[in-house]
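In what follows, a structure is listed as structure tokens, so that the remarks can point back to it.
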Amino acid sequence: GVRVGVLTSGGDSPGMNAAVRAVVRTTIAAGGEAYAVHEGWAGAVAGAGLLRPLDWDDVSGVLHRGGTVLGTARCPEFQTRDGLRAAARHLVGAGIDRLVVVGGDGSLRGAEELRQEWPGLLQELVAAGELSAPTAAAHPRLLVAGLVGSIDNDMAGTEMTIGADTALHRICDALDALRSTAASHQRTFVVEVMGRHCGYLALMAAVAGGADAVLVPEVPPAEGWQDLLVRRLTASRAAGLRDLIVIVAEGAVDRQGRRITSAEVGALLTERLGGEGSRVTILGHVQRGGRPSAYDRWMPTLLGHAAACEVLRDEDRPSVVVGVRGNRVAVTPLPEAVADVNAVRDATRRGDFAVARVARGRSFGS
Ligand code: F6P
């Protein structure tokens, strides 16, 4: 049967295990063989026992577990020619030329690069005597399907990344917990949430947790935002609200592109609101850990199944992202998804926030 490799790469996210399990079981059910590449792209680069077959039972009991049982890593070496060549050598050595990659935009960009460079890399390996010509000829191309695993929800080609829903639940739990202590002391809490350059977690947590204000990278506040924020919170306090919460995305910026930190917002509110001042809580990696939500179990299961089906076909084409659009499984060419994400990033860097928002809306369908 055909052999399908599966790896998780970049920052872990809850639900990656459900995806891996579905890839493994779909492959085996189709008569193929599933292989794990442990520790993400770093495992492909290092070889040496990190590429191992997976049986049906190897992915039992992982559905409810957070993180990734395959291990993951951030791997700068994979971005070099030597790293790519080593990865190609180890994959071919294990008979793998079909891959499902679960990771963020960086990991998926790497996947497309490896796919594009594959024939050249194999030629180089043959020329260097590190690979036999018949083995290279037996693996003329690499088929790749990507699943977006990241709590940040910052990738085009899907409306929801694997893990974002669970992270939101984690943030909501924290907000609920902070409310009781905030209300007791009539304090304002500034809560910093993850998301890198994407404000999804901050914005949705603000809506779901009933925050009084939120700062996100996509909508940098106008000059004088400090006064506006203080005015609003003062008015809320005067109206009798005892528990005030301000959410700051870790990537929040002002219109000049300068970072707005939670510490800065906390200091501002302590100075200007009076009373017992404010407290800053940086939620950090608890947002990324722990058991996946129900959504982050069934959604990656459907996507993992679809991704395995994609690479089990023999069609030679660019890598695809298998994601969710309009509550349906949707397949997008990876180069297209990357171009969409780049458009958002470039517009943001130019300070063209209106364009950035439109680009994000177009690529994320939201
Ligand atoms: O991309 C996921 C993420 O958790 C971001 O939200 C955060 O900025 C980053 O990873 C943290 O990276 P690390 O785990 O390497 O500290």
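The values are calculated or read from the model by the stated rules, or taken from the named source; none is laboratory data. Not measured: the values here are computed from a predicted model. Using ideal geometry, Cβ is built from the backbone for each residue, glycine included, and neighbour counts are taken over all protein chains shown.
Across segment 256-298, the number of residues qualifying as closer than 21 Å to Asp154 by Cβ and either of a type outside the set (Val, Ile, Thr) or touching a helix residue (DSSP H, G or I) at 6+ places or on another chain (Cβ under 8 Å) (or both) comes to 17. Checking each residue in segment 178-200 for being more than 12 Å from Leu283 (Cα to Cα) and either within 16 Å of the ligand (Cβ to nearest atom) or assigned to a helix (DSSP H, G or I) (or both) picks out Arg179, Ser180, Thr181, Ala182, Ala183, Ser184, His185, Arg196, His197, Cys198, Gly199, Tyr200.
Scanning segment 321-334 for residues that are more than 17 Å from the chain's Cα centre (by Cα) and not hydrophobic (A, V, I, L, M, F, W, C) returns Gly326, Asn327, Arg328, Pro333. Look at (1) within 16 Å of the ligand (Cβ to nearest atom); (2) assigned to a loop (DSSP other than H, G, I, E, B); (3) not polar (S, T, N, Q) and you find that Ile247 fails only one, number (2). You will find that of Glu112, Glu130, Glu117, the residue that is under 22 Å from the mean Cα position of the chain (by Cα), surrounded by fewer than 24 Cβ atoms within 10 Å (Cβ to Cβ) and either away from the ligand (no atom under 16 Å from the Cβ) or part of a loop (DSSP other than H, G, I, E, B) (or both) is Glu112 and no other. What do you reckon, is Gly106 in a loop (DSSP other than H, G, I, E, B) and either without any contact (Cβ under 8 Å) to a residue 12 or more places away in the chain or surrounded by fewer than 21 Cβ atoms within 10 Å (Cβ to Cβ) (or both)? Considered against the rule, which asks whether it is in a loop (DSSP other than H, G, I, E, B) and either without any contact (Cβ under 8 Å) to a residue 12 or more places away in the chain or surrounded by fewer than 21 Cβ atoms within 10 Å (Cβ to Cβ) (or both), Gly106 comes out as no. Under the condition of being away from the ligand (no atom under 16 Å from the Cβ) and touching a residue at least 40 places away in the same chain (Cβ under 8 Å), the residues counted in segment 51-82 number 9. Residues of segment 267-296 that are crowded, with 22+ Cβ neighbours inside 10 Å, under 28 Å from the mean Cα position of the chain (by Cα) and in a helix (DSSP H, G or I): Gln287, Asp296.
Per the listing Ala267, Ala208, Ala252, the residue uniquely at pLDDT 95 or above and within 16 Å of the ligand (Cβ to nearest atom) is Ala252.
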